[in-house]
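S.K.: Here it is: the structure, laid out below.
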Amino acid sequence: MISYLVALLTFGAIYALLALGLNLMWGIAGMVNLGILGYYALGGYSSALLTMHLGIPVWLGVIAGALITALFGAATCIGLVKLRDDYLAIVTLGFAEVMRNIAENFVSLTNGTDGLAQIPRPRLGVTGSDFNVVYLVICVMVVLVVLAAMERLRAAPFGRVLRALRADPMVAASAGKNVLGFQVRTLAVGGFVLGLGGALYAHYLTYISPEVFQPQLMIYVFLALILGGRGNNYGAVLGTVLVLAIVEGTRFLADLVHGLDAVQIGALRAFVIGVAFIVVLQKRPHGLLPEPRRIYTDPAARS
Amino acid sequence: MSLLRAAGISAGYSGRDDILKDVGIEVGACEIVAILGPNGAGKSTLLKTIAGLVTPRSGTLDFDGRSIAGLTPRDVSRRGVVFVPQEANVFPSLTIQENLEIGGYLDRKEMKARVAEVCERIPVLSERRRAKARTLSGGERQLLAMGMALMVGPRILLLDEPTAGLSPLAAETLFRMIKLIRDTGVAVTIVEQNAILALNNADRAYILVDGRNARSGPARDMLEDREIRRVFLGDVD
Amino acid sequence: MLQVFQLLVNGVMAGAILAVPAIGFNIVFAVLQISNFSIAALIAVGAYAGYTANVLLGLPPLLAILAAFLISGAAGVASDRLALRPLRGYGAIAVAIASLALNMVLENIVRFIFGNDVRSLDVPMMRDWIFEGIHVGPQAVFNFLVAIAAMVALFSLLSFTTVGRAMRAVADNPTLANIKGIDPEKMARLAVFLGMGMAGIAGVLLALDTAVDPTIGMRVVLSVFAAAVLGGLGSIPGAVVGGLLIGLAEQLSTLVVPVAYSSAIGFAAIILALLLFPRGILGDR
Ligand SMILES: Nc1ncnc2c1ncn2[C@@H]1O[C@H](COP(=O)(O)OP(=O)(O)O)[C@@H](O)[C@H]1O
Ligand SMILES: [Mg+2]
C-alpha cells in the first residue's frame, strides 16, 4: 500500500509538471496546445538516449532533455503563431500524433513500439523502496521549485504581457509588444517544464515507449487544469491531485461490479472518467481556484 | 393609436451598464420616423432592442397593441417587425437569389413570384441573381438587404443606416424607394447619419444623445429649428 | 511510372473516403463554430452499426451504410445535446476539449458492448480488376462510389433545398439568420446529425476496406482533421479538396518514405501548407 502511494504520488508530481507547463501556455498566455504529450515524450526520450548512449549523469540528462524540449517548443511556436485558436487546437493535436508516429517507427533511435528499456536511474545511494521514496521527494521538490518559478513569472511584467496577449494579441501588438517574441519564450519555458516531466518519468520507470502518448493523459492534464482553475498555478497542482483521485478511484469500480471481463472493466473506467470530466466542465467551468486578479492593469490588458 | 410603442426602455449589453436610459419612441402606421444622434448615442442598440437582439432591462415594448419585449428575434420578425442591421446584413456566401429566398424564409408560399416582384422593384438585383452576395458593392449590398426585408411583407421596417456607403445620388434613390414602400402600407423606422436628408424625407424624428431622448417632433419643424440645426445636426450657418 | 499511377488511383480512392468525415467535421464547424473531436468515436459507432446491420442482422452493405448514417447521426445529436451544448457559452476551445472527453466516453461505450476483437463485415472477397497494369479492388470501387454518392447527396441538400440554404445561412451569419426566422438550434441539430451521419458512413466504408475495432476512428481521424484543416475549417468544398490532397499525399509519400510514416507525412504537409494559408485552402473563416 505504501509503495502504491509512493508510486502514485510520484506520477502525480510528474503530471503536475505537465499541468504547470500547460498552464503557462494555455492558462496564462492563451495558446491552446493539444500537443503537450509530444513535448513530454521528447523530454523523456532525449534524456533517456543521452544518458544511455553518451553515459552522461542522469541529472545532466534531465536538464538536457528539458532544454532540448524548450528549443523544440520555441521552434514549433514559429510555425504556429499565425494560426487561429481552432486551427491551433487541431494542428497541435496532430503534432503529438506525428511525434508518436516517429517514436513508433524510427526504430534505430527509439526502438519502436518496444520502447527504450534499462534507462539509467540516478545514483541516490539507496535502492529498492528507499529509492522510490527519495525519488518522490526529488520530484516533489522539482514541482515546488517550478511552481514558485511559475508564480514569479506570472506576477512579473512578463506574465502580465502574456495575459494581455491572451485577452487580445492585436491590442498587445499595437501597444508595442513583440508578440512573437513573447510567445516563443512562453513555449520555450512551457516546453522546458513539460520536457522536465518527461525526463523524470523516463528515469523513474527506466522505460519509455510510445505509450506515453496515450490520449487519456492529455485529457487528464486538461481536466486537472480546468478543475483546478485555468490560469492559476496552485490550481494546476491541486487539480492534478483531484484528477489522480478520480482516476485512481475508478480502480475500485472493478471491485463493485461483477461479471465483466477485463476489457469491459477498462472501458467502464474510461467511460466514468470521461463522464466525470464533462460533468466537471459543465458544473465548474472556471475551476475551484479562480485565476488571481491583480489590481494593476496593464494598458495593453484593457480591451 | 401607434403601431410601435417603446416606453421607458433601459437596455445594455451583458455585464455592462445600460446603454439606453429611459428611451421612448412611437411609430404610427404608414409613418416614416427617423432616429438621429451622434455616434455611440445608442441608435443601433435601440433598433436591436426592438428587434429582440438585446433584451430590455425595463420599460414596455408594444407592437400592434401586444408586447414584443423578450421575444426572440425570430418571433419578432414573425410579427412583421423586420430589422435590417447596419452591418453584416446579407449572407456573403449565398447568391443574391438565395439571400432573397432566406429573406422570405418565414413565409415560403409563392417564393418565385415574390423574388421576381422584389427584383422588379430593385433592378440591380435581378441582373446579378446568381452572383454571391460577397461580390456586391457596398450600395448594392444595402439594396439586397432591403430586398430581403421586403420578401416577408413586413408591417414595419427597422433600417439601421441603410445609406451608409452610398453616393448622395444613390441615397436619394433609396429614400425614394422607402417612400414607395411606405405608400404600400409599411411603417419605417430609419437610423440615418445624414440628418438633413432624413428630415427631408421622414414624417417625424427623434434625436438620441448618450442613450436618452433629447428631442423629438415632426421632421419639418425640426429642420427649421435653428437650435436643433446648430446643436444636433452640426449645422454651422 | 506504373507505380505512380497506381498510387494516384489509390490516393483518390482513399481521399474520397477521408473527405466524407472531413465534410462531416466541417459542416458541424460551419454551423456551430465548434471543433467536435468526438467524430473519431462516431466513425467507430457507424462501423459497429454497420457491422450489426450487416453481420448480425444480415442486411446488405447499402442498408448497413444507411443504418450507420442514422445511428451515428442520432448518437452525435444526443451526445452533443448532453455533453457539449451546455458548454457552448464558455467558448469554442472549452467545447473542443470536452469533445475529446466525449470521444473517450463514446469509444468506450462501443468497447464495452463489442470488446476489442477485430471483426470483419460480411462481403465476398473479390479478385482485383486490372486495367493496363493498375489494380483496383471491386470493393474499393464500391466504397469510392458510395463516398461520392454521399457527398453528392449532401451537396444537393445544401444547395437545392430550403433547409440546406437555411443551414448555410446560419453558417454565414447566425444572428442575421435568426432575424430572418431561422431557428439556429434546429439548424445546429441538423448539422450535427448530418455531419456525424457522414462520419458513420465513413465508418462502414473503412470497415469494408479493412476491419472493425473500437479504434477504427482514432486510426484515421488525424487524416480527417488534416483534410478538414487543409481545405479550410467550415468549408465543405474545402473538405473534399483537403481529403483528396491528403489521400494523395499519404499514398505518394510511400515512394520516398516508409509506409508507416505516411500519416505523419500528411500532417507535416498540412502544417507547412498552413504556413502559406493560415485559414486553409478554401477557408475564409
Ligand atoms: N455588442 C456590443 N457589446 C457591447 N457594447 C456595445 C455593443 N454594441 C454597441 N455597444 C456600445 O453601445 C454604445 C452605443 O452603440 P450603438 O447603439 O451602436 O450607437 P449608435 O448606433 O448610435 O452609433 C456604444 O458605446 C458602443 O460601444
Ligand atoms: Mg449604429
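The values are calculated or read from the model by the stated rules, or taken from the named source; none is laboratory data. Quick caveat, the model's predicted, so the values are computed rather than measured. With ideal geometry, Cβ positions are generated from the backbone for all residues, glycine too; neighbour counts draw on all protein chains shown.
S.K.: Would you check which residues across the stretch C:203-212 are at pLDDT 95 or above and either over 10 Å from C:Leu121 (Cβ atoms) or outside any helix (DSSP H, G or I) (or both) and list them?
M.R.: C:Gly203, C:Leu205, C:Leu206, C:Val212 - these are the residues of the stretch C:203-212 that are at pLDDT 95 or above and either over 10 Å from C:Leu121 (Cβ atoms) or outside any helix (DSSP H, G or I) (or both).
S.K.: Return yes when B:Lys43 is within 13 Å of ligand 2 (Cβ to nearest atom), more than 14 Å from chain C (Cβ to nearest Cβ), among the basic types (Lys, Arg) and crowded, with 16+ Cβ neighbours inside 10 Å and no when it is not.
M.R.: The answer is yes for B:Lys43.
S.K.: Same structure again: Take the conditions surrounded by fewer than 17 Cβ atoms within 10 Å (Cβ to Cβ), facing chain C (nearest Cβ under 10 Å) and over 18 Å from B:Gly12 (Cα atoms) and apply them to B:Asp64. Does it pass? Even if it seems obvious, please write down each step before you answer.
M.R.: Numbers: surrounded by fewer than 17 Cβ atoms within 10 Å (Cβ to Cβ): yes; facing chain C (nearest Cβ under 10 Å): no; over 18 Å from B:Gly12 (Cα atoms): yes.
No.
S.K.: Let me ask something additional. With under 22 Å from C:Phe37 (Cα atoms), more than 10 Å from chain A (Cβ to nearest Cβ) and free of Cβ contacts under 8 Å to residues at least 60 places away in the same chain as the only criterion, which of C:Ala78, C:Ala74 stands out?
M.R.: C:Ala78
S.K.: Quick one: which helices (runs of 4 or more DSSP H) sit completely within the stretch B:99-152 and have at least 2 residues that are over 26 Å from B:Gly80 (Cβ atoms) and either of a type in the set (A, V, I, L, M, F, W, C) or in contact with a Leu (Cβ under 9 Å, 6 or more places away or on another chain) (or both)?
M.R.: Counting at least 2 such residues, we get B:138-150.
S.K.: Just one of the numbered conditions (1) modelled with pLDDT of 95 or more; (2) surrounded by fewer than 24 Cβ atoms within 10 Å (Cβ to Cβ) is not true of C:Tyr90; which one?
M.R.: (1)
S.K.: On to the next question. Quick one: how many residues across the stretch A:114-166 are at pLDDT below 90, exposed (fewer than 13 other Cβ atoms within 10 Å of the Cβ) and over 18 Å from A:Pro57 (Cβ atoms)?
M.R.: 5
S.K.: Going by the conditions given, is C:Ala16 within 14 Å of chain A (Cβ to nearest Cβ), hydrophobic (A, V, I, L, M, F, W, C) and touching a residue at least 40 places away in the same chain (Cβ under 8 Å)?
M.R.: Here the answer is no, as C:Ala16 does not meet what is asked.
S.K.: Additional query: Would you kindly identify the helices (runs of 4 or more DSSP H) lying entirely within the stretch A:62-165 that contain at least 1 residues that are of a type in the set (D, E, K, R), without any contact (Cβ under 8 Å) to a residue 60 or more places away in the chain and away from chain C (no Cβ under 14 Å)?
M.R.: Here the list reads A:128-155.
S.K.: Answer yes or no as to whether B:Ala7 is over 30 Å from C:Glu185 (Cβ atoms), away from ligand 1 (no atom under 12 Å from the Cβ) and not in a strand (DSSP E or B).
M.R.: The answer is no for B:Ala7.
Okay, residues lined up against (1) more than 14 Å from chain A (Cβ to nearest Cβ); (2) more than 30 Å from B:Glu87 (Cα to Cα):
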residue: C:Asn103; (1), (2): no, yes
residue: C:Phe142; (1), (2): yes, yes
residue: C:Ala153; (1), (2): yes, yes
residue: C:Arg168; (1), (2): yes, no
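S.K.: Any idea which of (1) outside any loop (DSSP other than H, G, I, E, B); (2) at the interface with chain C (Cβ under 10 Å from one of its Cβ atoms); (3) of a type in the set (Gly, Ala, Ser); (4) within 16 Å of ligand 2 (Cβ to nearest atom) is the one B:Ser77 doesn't satisfy?
M.R.: (4)
S.K.: All but one of (1) within 16 Å of ligand 2 (Cβ to nearest atom); (2) more than 28 Å from B:Arg134 (Cα to Cα) hold for B:Gly59; which doesn't?
M.R.: (1)
S.K.: Could you list, ordered by first residue, the pairs with Cβ atoms under 7 Å in which the first is in the stretch A:202-219 and on the phi < 0 side of the Ramachandran plot and the second is of a type in the set (S, T, N, Q) and buried (at least 20 other Cβ atoms within 10 Å of the Cβ), at least 6 apart or interchain?
M.R.: Filtered contacts from the stretch A:202-219: A:Ala202/A:Ser47; A:His203/A:Ser47; A:Tyr204/A:Thr10.
S.K.: Checking B:Val81 against (1) within 16 Å of ligand 1 (Cβ to nearest atom); (2) buried (at least 21 other Cβ atoms within 10 Å of the Cβ), which single condition isn't satisfied?
M.R.: (1)
S.K.: Additional query: Given (1) within 14 Å of chain B (Cβ to nearest Cβ); (2) part of a strand (DSSP E or B), where does C:Ile130 come up short, assuming only one miss?
M.R.: Status for C:Ile130: all satisfied but (1).
S.K.: For B:Thr49, only one of the following conditions fails: (1) in a loop (DSSP other than H, G, I, E, B); (2) within 16 Å of ligand 2 (Cβ to nearest atom); (3) under 29 Å from C:Asp183 (Cβ atoms). What is its number?
M.R.: Result: B:Thr49 fails condition (1) only.
S.K.: Let me ask you something else. Which condition number does B:Val23 fail, the rest of (1) facing chain C (nearest Cβ under 10 Å); (2) within 15 Å of ligand 2 (Cβ to nearest atom) being met?
M.R.: (1)
S.K.: Kindly list the number of the only condition in (1) more than 21 Å from B:Ile228 (Cα to Cα); (2) away from ligand 1 (no atom under 16 Å from the Cβ) that fails for B:Ile19.
M.R.: (2)
S.K.: Could I ask something else about it? Go through (1) more than 10 Å from ligand 1 (Cβ to nearest atom); (2) within 14 Å of the chain's Cα centre (by Cα); (3) surrounded by fewer than 21 Cβ atoms within 10 Å (Cβ to Cβ) for B:Gly24 and report which single condition fails.
M.R.: (2)
S.K.: Still on this structure: Only one of C:Pro124, C:Pro86 is of a type outside the set (Ser, Thr, Tyr) and not in a helix (DSSP H, G or I). Can you tell me which? Give the derivation first.
M.R.: Values: C:Pro86 fails: not in a helix (DSSP H, G or I).
None of the others qualify; the one that does is C:Pro124.
S.K.: I need the full set of residues from the stretch B:92-116 which are exposed (fewer than 15 other Cβ atoms within 10 Å of the Cβ) and among the aliphatic types (A, V, I, L, M), in order please.
M.R.: Within the stretch B:92-116, B:Ala113, B:Ala116 qualify.
S.K.: On the basis of being more than 9 Å from chain C (Cβ to nearest Cβ) and not in a loop (DSSP other than H, G, I, E, B), does A:Gly274 make the cut? Steps first, please.
M.R.: Working: more than 9 Å from chain C (Cβ to nearest Cβ): no; not in a loop (DSSP other than H, G, I, E, B): yes.
For A:Gly274, the condition - more than 9 Å from chain C (Cβ to nearest Cβ) and not in a loop (DSSP other than H, G, I, E, B) - is not met.
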